[in-house]
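Here is the structure we will look at, set down as structure tokens.
All of the numbers you see were taken from the coordinates with simple rules; none came from a lab. Please read these numbers as outputs of a predicted model, since none were measured by experiment. Note that we place each Cβ from the backbone using ideal geometry, even for glycine, and neighbour counts take in every protein chain shown.
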Amino acid sequence: MQKAGEVDGVKDSLNSEARAESRREPSLYVVATPIGNMGDLSLRARAVLEQVDRIAAEDTRNTARMLDALGIKKPLMAHHAHNERESAQGVLACLQRGESVALVSDAGTPAVSDPGAVVVRCVAEAGFKVVPVPGASSVLAVVAASGLVDGAFTFRGFLPAKGKGRVDALKSWLACPEPQVVFEAPHRVMQLVDDLEALGAGDRDMCAGRELTKQFETFYRGTGDVVFEQVRQDANAERGEWAWVIGGNPVSQTGAEAAQASADLDTLLGLLLAELPLKTAVAVVVKATGLAKNTVYDRALALKSAGDSVV
């Protein structure tokens, strides 16, 4: 266990490094802030916020409250989704005067499902140094807690709010072989449940996390059907941000492999339909193969209809 003197020494070292960084050259620091638990602010992030000349914030009111809690006073400038290009020029002007600027969002890392990419690109193109200061991340938090990712995954961020584009995007993501990480707003989480269910994702392994790192952090795990029911039964489901990990598509085939798989599916369904009711045959095939329920059901219905028409 570190002693108090050792901790103070670490803090002093970090502050010295931050001061040294700010003396070397004007830089943009892209600083990750807590996603809920203030204890997740790194010592380095705090040191940088103390040493920069000013802070560009997604919401100056939220950032002011965080800085007050830390005992830090810095000039703030607004940088949000509706003024990115204008604020990027403001940040550049600060750098050109020899100042260093910290870029923060309301929670997590700027430019990851939050404003920031525009100002980072403008600053880099102008030849100034961009310094990432990593920290808390909703993406990595839900991935780590899910138990569903042991290799590649795809982070998708937020779905389109509504319309055909939303369903088309989700359908495309569900076709991918690797796990998908999706964010959803509280007021649209029930729509996400309905959309996933309608697209036949009830048999996929999932982990849905709400209010990550906060007092009422909640995780629901299991197949989609189980998670959907848990979310629907959660009286607080629409009171917090959500992050989901959706298991990858277990079948990703093309060409001859897909044709063979289709023929094998028809053979298996044909044998089962001769002995079992359609729904039972579908349930057996889904459990045995991992195929999407809608895919198997549609094929079984087609085979049964073809058989009935022959008779």
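Computed over the chain, the per-residue total of -39500 (n - 2.57) for DSSP H runs of n ≥ 4 gives a 222 nm mean residue ellipticity of -15500 deg cm²/dmol, rounded to 500. The DSSP beta bridges internal to region 139-246 are antiparallel in roughly 80% of cases. Work out the P(r) tail for region 139-246: percent of alpha carbon pairs separated by more than 18 Å, whole number. Of all Cα-Cα pairs in region 139-246, 42 percent lie more than 18 Å apart.
Non-local lysine pairs in the chain, meaning eight or more places apart or on different chains, with alpha-carbon distances under 13 Å, amount to 4. Look at ILE55, ILE72, ILE246 and count the other Cβ atoms within 10 Å of each Cβ; fewest to most, that gives ILE72, ILE55, ILE246.
Here the residues MET206, MET38, MET66, ranked from fewest to most Cβ neighbours within 10 Å of their Cβ, fall in the order MET38, MET66, MET206. Extension gain for LYS129-ARG232 works out to 32.4 nm (0.36 nm per residue, less the C-alpha to C-alpha distance).
May I ask you to sort PHE155, PHE216, PHE228 by Cβ crowding, counting other Cβ atoms within 10 Å and putting the fewest first?
Ranking PHE155, PHE216, PHE228 by Cβ neighbours within 10 Å, fewest first, gives PHE216, PHE155, PHE228.
Computed over neighbours whose Cβ is under 11 Å from that of ASN236, the net charge equals -1, Lys and Arg +1, Asp and Glu -1. Solvent-free Debye calculation, one equal scatterer per alpha-carbon of region 39-95: log10 I(q)/I(0) at 0.15, 0.26 Å⁻¹ equals -0.46, -1.11. Its relative contact order, with pairs defined as Cα atoms under 8 Å and 6+ residues apart, puts region 139-246 at 33 percent. Most simply put, the chain has about 45% antiparallel DSSP beta bridges, counting only bridges with both residues inside it.
What number comes out for the charge environment of GLY248, summing +1 per Lys or Arg and -1 per Asp or Glu over other residues with Cβ under 12 Å away? Here the count lands on -2.
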